[in-house]
Amino acid sequence: MAEIRLTEHPILQFKRGRKISFTFNGKKLDGHEGETVAAALHAAGVTTYRRSPQLHRPRGFFCAIGKCSSCLMTVDGVPNVRICITPLREGMKVCSPKGKGQLPEDDPATIWTWPGQYVDKILETEVAIIGAGPAGLSAAVETTRMGAETVVFDENDGIGGQLIKQTHMFFGSKEQHAKVRGIDIVPLLLEQIDDSRAQIMLEATAIGLYADKTLGVVRRQELFGLRAQKIIMASGASENMLAFEHCDLPGVYGAGAVQTLMNVYGLIPGRRVLMVGAGNIGLIVSYQLLQAGVEVVEVIEAAPYIGGYHVHAAKIRRAGVPIHTCHTITKASGQEKVEGAVVAQVDSHWQPIPNTQRELAVDVICLAVGLSPTAELLFQAGCQSCYIPELGGHVAVHDENLETTVKGIYVAGDASGIEEASTAMLEGRLAGLCAAESLGKKAISERKEEILSQLKELRTGPFGEKARKGKEMMRQEACRYGL
Ligand code: FES
């Protein structure tokens, strides 16, 4: 049986930083430098962090990428800190909040300096890129190549977004990094960014975006403004939840969270996993779990067919994992954390069929049931939105150059509509090219044509159908707004 901390892996090597100590509700624990607080707690066997304010239900993490509110804790006296993206530091005091979390009464200064000490400065740049994932880094490749001063920022303490946990090899053509693992694409992108024109700010969260293209940014207890001539929003996506009985128990994790634990921090999420969703993410993460020595009890899928590539499905079937279509989860069991799951067959209206329930002994329920674009800041800036299910829900209306209804604000990657990482990188490049071109930088039209034709190619065929349809609907919306 695998230990929680992986020491061997067929693809990855985990180099852990020095051991450091911290406390959780007064109890001394150890973690490693380079881990987040949530990763260190998980490694120490702590999966329940606090109780919900109203119903006192147990709470742990869910997304592990800073996109939900499941992991809010009090850290060194500061309430409501997302510990899944907070780097662990020596001597940290991590406490479960009481109720909704209180500011310290005896230290009013903290009230006025949280979330950050306001610094009376507004930085200026030609292009600001929000998000250092595949789309954001690709955008920076183009903006800096065309000579635009660029600031890229990301709320994590490392670059690469979701690429840093993708151990599978990419499909497509050479230009789309075919046969290269996601984890190996990050240095390739970084190499292409002209660092004389780029500044990458990590642990920097954009908390406000205004129509004059000023951003409010919090970085390590400092709050400041950033005014850009062009903004590219490449903020990615958040994991979808699924409603079932006790779906809020610790141990119900998003697929991205499971990948983060395993592939970034080298920690197994649990011993026996039920995977919900047989799209590409569900299938790939199932295989990665098997590679980490974790038992995948079964994969269930509510649709009557497997949504992901059959090559991925074949790999996990060969490893003995059954895939049941027309199945859903109806309940998670356990008091403080997941101890089991109940699954059932569904009818053609997606309703559970009576007397088909089965109980499974699992300690993790992994949800791979889709993503939603993270585009709230765009709406705050006044960008018009529309609802396109094929693109994952509410998205900012944008034209073929990925410019939104607010001139000079662009959107790329999953934030513009959910697709694969390959399309996110191409969209990032397109947005970067168009943003720099509109600044008067010399554009290379062949490159734009080449990107557009690669995007078209990726959206061709049965697996590109959904995105193709979604982008077609987007074109109609854009016309309505005169774009
Ligand atoms: S924000 Fe930390 S688990 Fe989602």
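The values are calculated or read from the model by the stated rules, or taken from the named source; none is laboratory data. Predicted, not measured: the structure shown is a model, and the values here were computed from it. Neighbour counts are summed over all protein chains in view; Cβ atoms, including those assigned to glycine, are modelled from backbone coordinates with ideal geometry. Calculation scope for accessible area: heavy atoms of the full protein, side chains included, ligands and nucleic acids excluded. Shrake-Rupley method; radii C 1.70, N 1.55, O 1.52, S 1.80 Å.
Accessible area of segment 324-413 with a 1.4 Å probe: how many percent of it is carbon plus sulfur?
Carbon and sulfur atoms account for 49 percent of the accessible area of segment 324-413.
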query = Counting DSSP beta bridges with both partners in segment 19-105, what percentage is antiparallel, nearest 5?
reply = 90
message = If you split all Cα-Cα distances of the chain into 20 Å bins from zero, what percentages do you get per bin, shortest first?
response = 23, 57, 20, 0
Per residue accessible area of segment 19-105, 1.4 Å probe, in Å² = 44
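How many Å² of accessible area per residue for segment 252-371, probe 1.4 Å? Spell out each step's value before the answer.
On the way: 4620 Å² over 120 residues.
Normalised by residue count, the accessible surface of segment 252-371 is 39 Å².
What share of the DSSP beta bridges in segment 252-371 is antiparallel, in percent to the nearest 5? Could the numbers behind the result be given before it?
Working: 10 of 25 bridges.
The antiparallel fraction comes to roughly 40 percent.
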ask   = How much accessible surface does Ile409 have with a 1.4 Å probe, in Å² rounded to 10?
value = 0
request  = Give the carbon-plus-sulfur fraction of the accessible surface of segment 19-105 in %, rounded to a whole number; probe 1.4 Å, heavy atoms of protein chains only.
outcome  = 52
remark   = Over 30 Å (Cα to Cα) among Lys93/Lys165; Lys15/Lys213; Lys93/Lys337; Lys179/Lys471 -> Lys15/Lys213
key: Theoretical gain in end-to-end length, Gln476 to Ser348 [0.36 nm per residue, Cα-Cα removed]   = 42.9 nm
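What percent antiparallel are the DSSP beta bridges of the chain, to the nearest 5?
Details: 46 of 86 bridges.
Counting only bridges with both partners in the chain, antiparallel ones make up about 55 percent.
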message = If you take every residue apart from Arg358 with its C-beta less than 14 Å away from the C-beta of Arg358, what net charge results, scoring Lys and Arg +1 and Asp and Glu -1?
response = -1
Estimated vicinal HN-Hα couplings, Hz - segment 328-338 in sequence order (Karplus 6.51, -1.76, 1.60; Gly, Pro = x) = 9, 9, 10, 6, 9, 10, x, 9, 9, 7, 5
